[in-house]
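Participant: Provided herewith is a single structure, encoded as structure tokens, for subsequent inquiry.
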Amino acid sequence: MTLKNPVISADHLTVSVPEGPHYFFQPTYKLDILIDVSIAVRPGEIVSIVGESGSGKTTFGRALIGLMRPSGGQISLDGVALPDFSKGSFRKVRREAALLFQDPASSFNPRQRIGAMIAEPRRIAGQGGMRRNDLQDLAATAGLGSSLLSRFPHALSGGQARRAAVARALSVVPRLIIADEPTAGLDVSVQGGVLNLFLDIRDRHDTAFLLITHNLAVARHVSDRIVIMYLGRVLESGPTAEIFRAPRHPYTRALLDSEPVPDPKRRRAEPPVIGEVPSLMNRPSGCEFHQRCRIARDRCRIEAPAETPFADGHTVRCHFPLDTPAGVCAMAAG
Ligand SMILES: Nc1ncnc2c1ncn2[C@@H]1O[C@H](COP(=O)(O)OP(=O)(O)O)[C@@H](O)[C@H]1O
Ligand SMILES: [Mg+2]
């Protein structure tokens, strides 16, 4: 099978911001939020970025469409690298990609009715307004009752606002949807509805999805591939089944072990990850995960590991990747 060109890909992307007490006048140092991030999403593929809060997931989504300016690396659209990170270059990306914000309600205009808001991207794209029927169909696709179209944003529940945002993103079906925590704060039943809607859109339009989530269960349910981020770096990436069957990074392994398992016979072999996420302002030496890692050795404290590819489509950034399938230790202890 020949692989299609990625709709979008980031290669060694870096995002840094000036920081310091008076950085507006005199930046004292720069804060690296993303370092050396390479991620590609192909048509019809759902790729999830998973990481604890503060790992840089939102920043990555925003950087891809130019809401945050990258300071290094490359972004490519359909296999062609953007010549630079200018507004003009990102305009091309934004024609193909829609971003579903982490908090959709805050991106709505409070004085615009939901129906007008959903139809707006079509108007902006120069495709004219939408007929009432088409608008109702679109809303229905996103699971939004047509009675809500005449309401204002404040009258919507969290789940309805999320669905309205999805409908808006679909008024001109993009080739890529970047969805930032699309299920956060929703009831489990509503979460399932949103995720199934994504699967449905993917199947019908071959749309690519970059799904940003801190929830491994959500990622497992829908994604073809998973990328594990930590302190702005990719620690591991690979096909979803492989990540769950045989995680190679101790961090991924710890994340999997800390997932609730609906099996009373299975006990946890070890407690979840030790300690807190370090501050970006004080990145640890060597492998940045070493202080929280159970198998760290001297080398890990000194030398930063490079991202290494494996044959099964896996990449891992670790000096001592694991080779025991997940659950084996847990089973043995149970
Ligand atoms: N504009 C900014 N200036 C300074 N720090 C920022 C900025 N944007 C994000 N950060 C920091 O970068 C880190 C990653 O943030 P974010 O991408 O929102 O993570 P996530 O979405 O994974 O929770 C956080 O520590 C956050 O405080
Ligand atoms: Mg976020």
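Values quoted throughout were computed directly from the atomic coordinates according to the rules given, and no laboratory measurement underlies them. The shown structure was predicted, so the numbers you read here are calculated from the model rather than taken from an experiment. No Cβ is skipped: glycine too gets one built from the backbone with ideal geometry, and neighbour counts run over all protein chains shown.
Participant: Quick check on packing: order 251-257, 156-162, 84-90 by the mean number of other C-beta atoms within 10 Å, highest mean leading. Intermediate results must be reported in sequence, preceding the final value.
Facilitator: Details: 251-257: 22.0, 156-162: 20.1, 84-90: 13.3.
Packing order, densest peptide first, comes out as 251-257, 156-162, 84-90.
Participant: OK, next. Straight-line reach from LYS87: which aspartates and glutamates have Cα under 15 Å away, leaving out those fewer than 8 places along the same chain?
Facilitator: Answer for LYS87, where 15 Å is the Cα cut-off: GLU96, listed by chain and number.
Participant: Which value at 222 nm does the chain reach when only helices count, each DSSP H run of 4 or more adding -39,500 (n - 2.57), with the total divided by all residues and rounded to the nearest 500 deg cm²/dmol? Kindly include the intermediate steps, with their values, before the conclusion.
Facilitator: Working: 11 runs with 102 residues, N = 334.
So the calculated ellipticity at 222 nm is -8500 deg cm²/dmol.
Participant: Among GLY56, GLY115, GLY145, which one shows the biggest mean-square fluctuation in a GNM of the chain, springs joining Cα atoms closer than 10 Å?
Facilitator: Top of the fluctuation ranking is GLY145.
Participant: How far is the Cα center of region 69-98 from the Cα center of region 185-220, in Å?
Facilitator: Centre-to-centre (Cα) distance: 25 Å.
Participant: Continuing with this model, one more query. What whole-number volume per residue, in cubic angstrom, does the convex hull of the C-alpha atoms of region 150-246 give?
Facilitator: 122
Participant: From the alpha carbon gyration tensor of the chain, can you work out the equivalent ellipsoid semi-axes (sqrt of 5 times each eigenvalue) and give them in Å, largest to smallest? Intermediate results must be reported in sequence, preceding the final value.
Facilitator: Working: eigenvalues 248, 122, 72 Å².
Semi-axes (√(5λ), whole Å): 35, 25, 19.
Participant: Just tell me which aspartates and glutamates come within less than 17 Å, Cα to Cα, of LYS92; anything on the same chain fewer than 8 places away is out.
Facilitator: Reachable aspartates and glutamates: ASP78, ASP84.
Participant: Another question about this same structure. Need the list of aspartates and glutamates near LYS30 for cross-linking: C-alpha distance under 20 angstrom, and skip anything on the same chain fewer than eight residues off.
Facilitator: GLU19, GLU288
Participant: Among LEU13, ALA184, ALA116, whose Cα lies farthest out toward the positive end of the dipole of the chain, if unit charges sit on the beta carbon of Lys, Arg (+1) and Asp, Glu (-1)?
Facilitator: ALA116
Participant: Under a plain spin-label model, where a point goes 7 Å from the Cα along Cα-to-Cβ, how far apart in nm are ARG294 and ASP134?
Facilitator: That separation, rounded to one decimal, is 5.7 nm.
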